[in-house]
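The values are calculated or read from the model by the stated rules, or taken from the named source; none is laboratory data. Everything numeric here is computed off the predicted structure, so don't read it as measured data. Glycine also receives a Cβ, built like all others from the backbone with ideal geometry; neighbour counts cover every protein chain displayed.
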Amino acid sequence: MYEGPVQDLIDELGALPGVGPKSAQRIAFHLLATDAADINRLITALQQVAKGVRFCEICGNVAADTTCRICGDARRDPLLVCVVEEPKDVLAIERTREFKGRYHVLGGALDPLSGVGPDQLRIKELLGRIGRDEITEVIIATDPNTEGEATATYLVRMLRDFPGLSVTRLASGLPMGGDLEFADELTLGRAFTGRRAV
Amino acid sequence: MSLYRDTGVVLRVHKLGEADRIITLLTRRNGKIRAVAKGVRRTSSRFGARLEPFCHVDLQCHTGRTLDIVTQVQTVDAFAAPIVGDYGRYTSACAIIETAEKLVVEEDAPAMRLYLLLVGALRALAFSDREPGLVLDAFLLRAMAFAGWATAVRECARCGAEGPHAAFSVNAGGSVCSRCRPAGAVTPDAGTLALLGALLHGDWDVANAASEAARRESSGLVAALLQWHLERQLRSLPLVERRAPRARATSE
């Protein structure tokens, strides 16, 4: 145990996800050896996150203003909406540079075991958006796990009655760079179900 | 480090570190176990898809100091896909696995009967046409019976007098006769008591023929009984989507 502020810093760093006690100690001593200007920049960034980060009123993504950069961009296709679980999923899809529409962040997935039902997610906001805007396609990009699939099932049921709305799900199957013999039967089964003509 | 092999149903998964998960399973021989599955959150994982909730798997583990480590997994029954394809089944299945997890308090203590009941319930949800709400209530009643809290449906829960009795007390543990009837006991419909008995003993002809009102009332009583015995409310139970009977749903 170290004394006073150093131990407090180690304890706080150790509470972060993925940071164990050894890593916390290493980061703390790195910060002790860092210039005051660098420390001040870190302090300012943390304070800005605590005070300044908001969620976009339209899509629920993290934003610096009332709407996020993507919702405010007139070049993005307003007819396409991609539904994701978390803001970090927006970043993952943006990295592909394939999608030119807009997003809707649910804020999680349906997980009754954790007490998360439809009312805890931004599903009503999505339905309101579809009724209000002229959206023609909703792409469901929830995680390909049990909770994500159940969320997709629920969304499909809620969205299928909107006239003229196409609801699609991200394809699921074999990863690039993998060997077929090592694929598990569930993934391989999904790959067969979702096969396409070439 | 010793190796062991067992079959089990995945009850719950927790994220661990960057790409690992802690998997809670109810197994045939070792009861409830918790084991670390390394790297399963990566898309390149060879068995990540097999360690999702509701999956019935054959697995091999290393015995660790605190948690065991999963080394190999094979699918026995792929319950997850058909269950998550229907939201009503999914919510019922969540309540089933949460109940199984809560009823087995001790880890590494065999719970063979509950394991077999769990596999049967998930199989019925995934592959049969039975109404998910009825499967859930049947599982809850029988799981409570295995835990020593069998619901008295015909005889009086207090004095054992043969019934049927009109009154039902959650605190007493089922039907009660007119002499033992405590304050707060309710008087359910005769069809509700018949449905509870059918679900407890697996009489599916009677259960499937039960009215919508009897199903609603019996599911309320079963939920109250479970909460009374567990002394806590399940998180998933209020989120269960109860549906109309299949025949009626198709005619709508």
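Observations, loosely collected:
- Filter result for A:THR96 (closer than 24 Å to A:GLN120 by Cα, surrounded by fewer than 13 Cβ atoms within 10 Å (Cβ to Cβ), hydroxyl-bearing (Ser, Thr, Tyr) and modelled with pLDDT under 95): no
- Yes/no for A:ALA74 being more than 21 Å from A:THR168 (Cβ to Cβ) and free of Cβ contacts under 8 Å to residues at least 60 places away in the same chain: yes
- Any helices (runs of 4 or more DSSP H) falling wholly within region B:120-238 and containing at least 2 residues that are within 25 Å of B:GLU106 (Cα to Cα), away from chain A (no Cβ under 14 Å) and of a type outside the set (A, V, I, L, M, F, W, C): B:132-146, B:212-230
- Taken over region A:138-147, the criterion of being within 9 Å of another protein chain (Cβ to nearest Cβ) and under 21 Å from B:ARG46 (Cβ atoms) is satisfied by A:PRO144, A:ASN145, A:THR146.
- Note on region A:151-197: among residues that are small (Gly, Ala, Ser) and facing chain B (nearest Cβ under 9 Å), the one that is nearest to B:VAL240 (Cα to Cα) is A:ALA152.
- Qualifying residue in region B:28-45 (condition: among the basic types (Lys, Arg), surrounded by fewer than 23 Cβ atoms within 10 Å (Cβ to Cβ) and within 14 Å of chain A (Cβ to nearest Cβ)): yes
Residue by residue, here is whether (1) in a loop (DSSP other than H, G, I, E, B); (2) outside the structural domain of A:ALA152 (by TED's automatic domain parsing) holds:
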| residue | (1), (2) |
| --- | --- |
| A:LEU13 | no, yes |
| A:ILE27 | no, yes |
| A:ILE39 | no, yes |
| A:ALA45 | no, yes |
| A:CYS59 | yes, yes |
| A:THR67 | yes, yes |
| A:LYS88 | no, no |
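- Scanning region B:5-25 for residues that are away from every other protein chain (no Cβ under 14 Å) and surrounded by 22 or more Cβ atoms within 10 Å (Cβ to Cβ) gives B:GLY8, B:LEU25.
- Residue in region A:182-195 that is surrounded by 12 or more Cβ atoms within 10 Å (Cβ to Cβ) and at pLDDT 85 or above present: yes
- Listed by first and then second residue, the pairs linking a residue in region B:68-91 that is facing another protein chain (nearest Cβ under 7 Å) to a residue that is assigned to a strand (DSSP E or B) and of a type outside the set (Asp, Glu), with Cβ atoms under 6 Å apart and 6 or more places separating them unless they lie on different chains, are B:THR75/B:VAL57.
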